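Before any comments, here is the structure.
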Amino acid sequence: MEGNLNIRAMIHDNIARKHNRADRIMPVFLLLMASVSILTTLGIVFTLVFDAAIFFGRVPFREILSTDLAPLNANNPTFGMLPLMVGTLFSSLIAMLVAVPVGLSAAVYLSQFASTRNRAILKPMLEVLAGVPTIVYGFFAYSFVTPLLMKLIPSLGSKNVLSPGIVMGIMIIPMVASLSEDAMNAVPEAMREGALGMGSTKLEVAVKVVIPAAISGIIASIVLGISRAIGETMIVAIASGSNKHFSLDITQSMQTMTGYIVEFTSGDAGSGTTGYYSLYAVGLILFLFTLGMNLVAQYVSRKYREVY
Amino acid sequence: MAYEAEWFQKLSEEQNPLVSKQDYVVIDSERIRRRVRKNNFLKQVFLLLTSLGIVVLGILLYQIVVQSIGWLDWSFLVSRLSINADKAGILGAILGTVWLMLIVIPVTIVLGVSTAIYLEEYARPGKLQSFIKTNLSNLASVPSVIFGLLGLTVFSRLMGLGSSILAGGLTLSLLVLPIVVVSSQEAIRAVPGFLRDASYAMGASRWITIWKVVLPVALPGILTGSILAVSRAIGETAPLVVLGIPTLILMYPTNIMSDFTALPIQIYYWTLDTVLTKEYANLAAATIVVLLLVLFVMNSLAIVIRQKFQKKF
């Protein structure tokens, strides 16, 4: 009897010790793993800031804000960033001109009008649109949309900003639509029913009740869409080309910030040249833009959310 | 206001406004008809716009499949790359993508699920927890090309991994990490509290409860999220291009330090070079079909897992 008890106690003891070990080690291990995401952010910030600082030290500010971009000029490379910024601005603007009206219409339709059956068909198909890799959209823009647009606009270049802008907009539709729809669905049913009970049509409920109540979420979805458009790379790298001359003509090639990074690294930017560091400067600007947009979206959806 | 005043006046004057011949009284049927017409018209407009994206998707798929016809055959799948469009195949790119995923899958799942467990089970609500969460949501919105710059600096140059599979795989892992974390967090959060309570009541420790109760129940959700993350990684191009993957690689990758090419990179280079050789567009289209098929299979798998194995409580 005595021995039996001892063995039980020993087994129990053993198990307890084993468990204790796991219970002591695992939280530390998990915290280490969790900190990788923080290290990634720090890594991004440090690599960008360090190398961009070298760039900003070498190139005068006046030149950076100029329109002369000729990084591969052997004798006198210049690094005016305005052409890239205009390229990014225009392609994103075109994309949002497509994505916002279509995305919001889709959100209103899905949340207000669609029958359960239509919704069950349309929503997953829209989400497929978001799952297509951007390289595929790039190919589509270059080999289908551009030739198609050329029939309408004969002066359109084989590389231009218009076509990737439109395709990028189509890519962003599901993002704007689903985030806005979430915001609209969060509006309490009672408000909808109240308006319907007063004799409003569904359209009036959507425009006068649901959209105003969900406006913070809708704005956040648009801001996130812009941030996505600014950071989008492959579509513009393929279909918008690498024209570095300052121009405002959307029917011709313009390089975006992302396109510049891709072109410059896949060519050989010798380590240590100013051109190499310019990649990080462009990357830093891009990072700050998208981060800023993301923070604005978070702020808007928190601050202006109507709580019911 | 004036309208309403008049309305009341009429009401008291005529006693029975509903049958009044004056059309502005009580029920302005023309106005209602106009509102209903507007409603019905815009409903159709909204439906049309909603379908627009889907129509474009259809055109895109049709166009690509048509362009790939005649080019996508068995020998295309099992041949080496070549400058000659007729002989070129994508076995190297397929192997490259498989090797990349051999890095991405274990790295993201271990990192992502661990982070999710920490956030959901161990971290006390407070500064650290909310900091990690904010950080993750910001990381998810960083453009992929920036991850390419991170990989180029840290993995390729600082660690000297060059443009190897390991460098590419680690870069992609960090890129899709937030997806795995968020979906795993949701899966873990959905595990009902009474299962944990039961486990604790049986004398299990915290970790044993997580390992033997929480994770098995959350597994379908975690797997679904991981598959979606991996399929995102398979389609990513920009970070790999930034790492400086060479244009034409004839050797097959043999280990994680090999140089490699992958399906999306091959599509990119062939699309760029259509200016030189027209047939490259067909090769790119054929490769896109392969890529989309892989993604389709993976997404279907994710849906099946979610539908079939998700336990309901």
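No value in this document is a laboratory result; all are computed from the given coordinates. Because the structure is a prediction, the values reported are computed rather than measured. Glycine also receives a Cβ, built like all others from the backbone with ideal geometry; neighbour counts cover every protein chain displayed.
At-a-glance table
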item	result
Under the Karplus curve 6.51 cos²θ - 1.76 cosθ + 1.60, θ = phi - 60°, whole-Hz ³J(HN,Hα) for the range B:224-241, x wherever Gly or Pro sits	4, x, 5, 4, 4, 5, 5, 5, 5, 5, 4, x, 6, 10, 3, x, 5, 4
Calculated Rg and Dmax of the range A:78-304 using C-alpha coordinates, Å	20.0, 70
Rule-of-thumb Rg ratio for the range B:74-309 [Cα; 2.2 N^0.38 Å; N residues]	1.17
Phi to ³J(HN,Hα) by Karplus 6.51 cos²θ - 1.76 cosθ + 1.60 over the range B:58-66, Hz, x for Gly, Pro	x, 4, 4, 5, 4, 4, 5, 4, 4
A:Arg58/B:Ala85 FRET efficiency (R0 60 Å; Cβ-Cβ; nearest 0.05)	0.85
Residue-wise HN-Hα coupling along the range B:138-149, computed from phi with Karplus coefficients 6.51, -1.76, 1.60 (Hz; x: Gly, Pro)	5, 4, 5, 9, 6, x, 5, 5, 5, 4, x, 5
Two-site FRET efficiency, B:Trp211 against A:Tyr299, from Cβ-Cβ distance with R₀ of 41 Å, rounded to 0.05	0.55
Computed helical MRE - 222 nm, chain A, DSSP H runs ≥ 4 contributing -39500 (n - 2.57), nearest 500	-23500 deg cm²/dmol
Interchain or long-range residues, amide H under 5 Å from A:Phe79's placed H	A:Ala70
Contact order relative to length of chain B, as percent, for alpha carbon pairs under 8 angstrom and 6 or more apart	23
Calculated diffusion of the range A:2-58, Stokes-Einstein form, Kirkwood radius summed over Cα pairs, 20 °C and 1.002 mPa s, µm²/s	139
With eigenvalues of the C-alpha gyration tensor scaled by 5 and rooted, the range A:190-308, Å	44, 17, 9
Kirkwood hydrodynamic radius of the protein assembly as shown, Cα pairs, Å	27.2
